[in-house]
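Notes follow once the structure below has been shown.
Bear in mind these aren't lab numbers, they're just calculated from the coordinates by the rules spelled out. Note that the structure is a prediction, hence the values are computed from the model and not measured. Note that we place each Cβ from the backbone using ideal geometry, even for glycine, and neighbour counts take in every protein chain shown.
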Amino acid sequence: MHALGRERTWASLWLVLAVLAASTAASLFRLAALPALEAAGLRLLLSGLVLLPFGLAGLRGLGAKDTGPVLIASLALAVHFGSWVESLYLTSVASSVVLVSASPLFVLLWELLAKERVSRGQWLGAGLGLLGVAVISFADAHAAAGELTGDALALLGALAFSVYLRAGRRARQSLPVLSYAAPVYSLAGLLLLLLQPLVGPVLWPLSSSAWLMTALLVLGPTLVGHTGFNFALRALPASSVAMVALLEPLAAVLIAWPLLHTLPGASDLAGGVLTILGLMIFVVAGADTALSA
């Protein structure tokens with residue numbers, strides 16, 4: 001097997017491992033049983049501190065033009081994780097992980113605002129995705145109190161993640177990945193921890209179980225998951241990585257089944273299938289548009 005083939009094989013294996021690792025986040029957050037901002041803040045801050053020694057060299061070249069995108073990315077990431085973790089406590093795991101994965105739909109909004117080209121395929125994918133979101137939200141509006149609020153928070157997390165990606169794309173033009181991730185994770189985590197006392201009590205000291213779940217969140221979804229996605233992008237097309245990453249909600253639901261004893265209802269299943277199918281069409285159409293541009 002030639003070098004390129006070996007690299008793609010390793011990248012594919014890393015990608016599968018990254019999806020599985022990232023899919024454990026929803027269950028681990030619930031099992032940690034910490035206030036939402038505290039749980040998300042600890043995960044991000046500890047992840048940033050772990051990565052900091054490896055990113056210090058690249059941070060020496062941090063210029064004024066990089067500061068803005070890094071700060072925007074940090075704020076967006078804090079909103080993403082803070083709102084998503086809170087949604088996990090208010091709605092089902094299935095609804096939360098599907099809706100927070102809908103960030104590609106907000107890409108359409110940014111493309112329209114930037115007057116960029118939007119293909120028919122992207123419109124079709126966005127339409128199916130929004131229909132799936134509507135099915136989930138309509139069902140949750142008639143379910144237990146708070147589920148619709150949880151859906152809204154998950155969508156806010158998706159919107160914030162799309163902002164994080166756009167800001168990160170600018171910052172990564174001049175910063176190595178670890179030199180970018182270390183300060184962004186650290187700043188986002190610190191912000192969430194500072195905000196927690198303003199919205200509710202801080203749970204401290206942590207139980208041994210909460211520390212274990214937090215450590216697993218750092219090791220699995222952050223270091224293995226995010227690192228795996230970045231590694232895969234070196235050898236595989238971005239559209240392929242995005243497509244495989246969209247399987248994360250399915251894996252998250254399957255992982256939550258034995259750990260949390262939860263299964264999606266009929267509306268979650270139908271809405272989730274529509275949303276993920278729409279996102280896949282959107283990703284493929286976006287890749288075709290980029291190639292023909």
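Most tightly packed first, judged by the mean number of other beta-carbon atoms within 10 Å of their residues, the peptides 99-107, 116-124, 223-231 read 99-107, 223-231, 116-124. Put simply, the convex hull of the Cα atoms in the range 3-292 casts, on average, a shadow of 15.9 nm².
In nm², what is the average projected area of the convex hull enclosing the Cα atoms of the range 15-96?
One quarter of the hull surface, i.e. the mean projection, equals 6.7 nm².
In summary, the helical segments of the chain meeting the span-like criteria, namely a full DSSP H run, a Cα extent along the axis of 18 angstrom or more and a mean Kyte-Doolittle hydropathy of at least 0.0, are 3-22, 36-59, 64-90, 120-141, 147-171, 177-199, 266-292. Note on the chain: helix-only mean residue ellipticity at 222 nm, from DSSP H runs of 4+ residues weighted -39500 (n - 2.57) and normalised by residue number, equals -27000 deg cm²/dmol. Once every Cα of the range 106-217 carries one equal point scatterer and solvent is ignored, give the base-10 log of I(q)/I(0) from the Debye formula at q = 0.10, 0.17, 0.23 Å⁻¹, two decimals. Normalising to I(0) and taking log10 leaves -0.52, -1.16, -1.24.
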